[in-house]
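The block underneath contains the structure these notes are about, expressed in structure tokens.
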Amino acid sequence: MTHAFRSLSPGLVMSAVESLDIWPTSEPFALNSYENRVMMFRDEQGAQWIIKFYRPERWQDATIQEEHDFLEELGQAGVPVARVWSDASGQTLHRYEGFRFALFYHCPGQAPELDNDAHLFALGGLLGRLHATSSNGAFSHRPRLELVAGVQDAQQRVSDSQRLDRHQRRAYDSVITRTIEALAPHQWRDSDMIRCHGDCHLGNILGRDEQFSLVDFDDCLMAPAIQDVWMLLSANEPQEWRRQVSEMVEGYEEVRPFPHAQMALIEPLRAYRLIRHSAWWVSRWEDPAFQQAFPWIADKGYWDQHIRQLEQQLLVLKTPRWLA
């Protein structure tokens, strides 16, 4: 089967941009993005732009529009984000040759350094500002992060992929069942859910001189606030981990109270992401970009390693290392 993105040629991209009366001066440069196709180009005035072509059939129009509306709300509130461009009629979601796409203003800079206290403090302040605005409303069309349901969905997708042999399938199902049992006590109330970036890792934060912006809200969803924090806590050694937490909390609390009660969700959320990430890979395998970028998914050895990783994370879930 020919994947839809195979027809997304440089010429088609250029024509899509020009359909909005914006004139690129060279072919677009592809950025690291697999779920969608994201490229950068420069217009005839020298300004840089980001164009994102949304994966067909992933989101409804209303889901994408809610992302755009959220970005506009954040921008109006002074939260530094990669804002979406709108045409003269106010439209932010555009169509060309069967593709849906959007233009974003380019955010220059580099990722923050997590061994830099000033950067950690700035990141805490950035997330505090994000959540101060995002907590004032709720999504109607975007997903809600549900631990058990999300893991069960991932398990089914891995099973349907038939990537695991019989022995691996038994081991995988066993660790998933035990993980679900360990996750069950870590549910949250509706009142704990706010609009979150959802995929807040270093690759989605850019800036310089302690002035950072958030980019790529494609996975924004309703979740506990800690979902936007835990991926930035990278240290494996307890003392270093506490240092990172301390700096981020201090920056966050310059804006709003930090969700200390949600710290116990960090390891459950890590387990959730580990399980969901492998399921995402196999469910996108028909996309040639995934086959090229992640060839090890077809290797039986990867799944042995993944199962061991889940077993280790299950031990952490049962005996947290240093979370209070």
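Rounded to two decimals, what is the ratio between the C-alpha radius of gyration of the chain and 2.2 N^0.38 Å? Each step should come with its number before you reach the end.
On the way: Rg = 20.5 Å, N = 324, 2.2 N^0.38 = 19.8 Å.
The chain yields a ratio of 1.04.
Please express the shape of segment 4-105 as an equivalent ellipsoid: the semi-axes are the square roots of 5 times the eigenvalues of the C-alpha gyration tensor, given largest first in whole angstrom. Each step should come with its number before you reach the end.
Details: eigenvalues 84, 60, 32 Å².
Square roots of five times the eigenvalues give 20, 17, 13 Å.
Express in % the proportion of alpha carbon pairs of segment 125-170 at distances exceeding 17 Å.
Working: 623 of 1035 pairs.
Everything past 17 Å amounts to 60 percent.
Does a label point 7 Å from the Cα of ALA62, set along Cα-to-beta-carbon, have any residues of segment 87-124 with amide nitrogen under 18 Å, and which are they?
92-93
Of LEU232, GLY150, ILE22, which is farthest towards the positive pole of the chain's charge dipole, taken about the Cα centre with +1 and -1 on the beta-carbons of Lys, Arg and Asp, Glu respectively?
Going by the Cα projections, it comes out as GLY150.
Once fully extended, how much extra length lies between ARG144 and LEU12, figured as 0.36 nm per residue of separation less the alpha-carbon to alpha-carbon distance? Walk me through the intermediate numbers first.
Working: separation 132, 0.36 × 132 = 47.52 nm, distance 3.43 nm.
Full extension from ARG144 to LEU12 adds 44.1 nm.
Using the beta-carbon distance between ARG189 and ARG166 and R0 = 30 Å, what value does 1/(1 + (r/R0)^6) give for FRET efficiency, to the nearest 0.05? The partial results should precede the final answer.
Numbers: r = 41 Å, r/R0 = 1.36.
Once rounded, the FRET efficiency stands at 0.15.
Would you list HIS186, HIS197, HIS106 from fewest to most Cβ contacts within 10 Å?
Numbers: HIS186 18, HIS197 27, HIS106 15.
Neighbour counts put them in this order, fewest first: HIS106, HIS186, HIS197.
Quick one: check the C-alpha center-to-center distance for segment 211-285 versus segment 146-197, whole angstrom.
18 Å
Would you mind getting me the FRET efficiency between SER135 and ASP87? Use the beta-carbon distance for r and R0 = 35 Å, nearest 0.05.
Numbers: r = 31 Å, r/R0 = 0.87.
Here the calculated transfer efficiency is 0.70.
How far apart, in nm, are two points set 7 Å out from the Cα along the Cα-to-Cβ line at ALA111 and at GLN156?
It works out to 3.3 nm between the two label points.
Nearest-5 percent of antiparallel DSSP beta bridges in segment 117-318? Before the final figure, lay out each step's value.
Numbers: 8 of 9 bridges.
Around 90 percent antiparallel, to the nearest 5.
With r defined as the distance between the Cβ atoms of TYR96 and ASP69 and R0 fixed at 25 Å, what FRET efficiency is calculated, to the nearest 0.05? Before the final figure, lay out the partial values.
Working: r = 22 Å, r/R0 = 0.87.
Using R0 = 25 Å, I get an efficiency of 0.70.
Report relative contact order for the chain in percent, whole number only (criteria: Cα-Cα under 8 Å, sequence separation at least 6). Please list the in-between numbers first.
On the way: 459 pairs, mean separation 62.7, N = 324.
Dividing the mean separation by the residue count of the chain yields 19 percent.
No value in this document is a laboratory result; all are computed from the given coordinates. Treat the numbers as computed from the prediction; the structure is a model and nothing was measured. Backbone-built Cβ (ideal geometry, glycine too); neighbour counts: all protein chains shown.
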